[in-house]
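Note sheet for the following structure.
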Amino acid sequence: MRRRLYYVWITASIAGAAVFFFPWFLPRETISGLMGRWSVTERGLRARVALRTVPLIDAIFHRPFGMEDCVRIYELEEAARRALYVRGELT
């Protein structure tokens, strides 16, 4: 049951990223991955937003399910995009 709830969270997170973070999100990116990416690669306002939200997201959604943290999810999503998209095209 916990796994199913986590799958619901992932689906909602991808949809939420598409709706609320439209100008910034990448394909196949969750809100966790977006915040992880911002905390690693961005400076300024985006980095400050990420540094405040990452601990909250990790505490609420990742630790209870024994899953990865936001930065690790960013790395996994980035690797998946590299594997799926070659020269900007879906393989």
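The values are calculated or read from the model by the stated rules, or taken from the named source; none is laboratory data. In this text, all values refer to a predicted model and were calculated from it rather than measured experimentally. Methodologically, a virtual Cβ is constructed for each residue, glycine included, from the backbone with ideal geometry; neighbour enumeration extends over all protein chains shown.
State whether the residues of segment 17-29 include one that is within 14 Å of E75 (Cα to Cα), free of Cβ contacts under 8 Å to residues at least 12 places away in the same chain and over 11 Å from the mean Cα position of the chain (by Cα). No: segment 17-29 contains no residue that is within 14 Å of E75 (Cα to Cα), free of Cβ contacts under 8 Å to residues at least 12 places away in the same chain and over 11 Å from the mean Cα position of the chain (by Cα).
Scanning segment 26-47 for residues that are charged (D, E, K, R), surrounded by fewer than 20 Cβ atoms within 10 Å (Cβ to Cβ) and touching a helix residue (DSSP H, G or I) at 6+ places or on another chain (Cβ under 9 Å) yields R28, E42, R46. For segment 38-91, the set of residues classified as acidic (D, E) and modelled with pLDDT of 90 or more consists of E42, E75, E77, E78, listed by residue number.
Whether a residue is hydrophobic (A, V, I, L, M, F, W, C) and at pLDDT 90 or above was assessed, and W9 does not pass this test.
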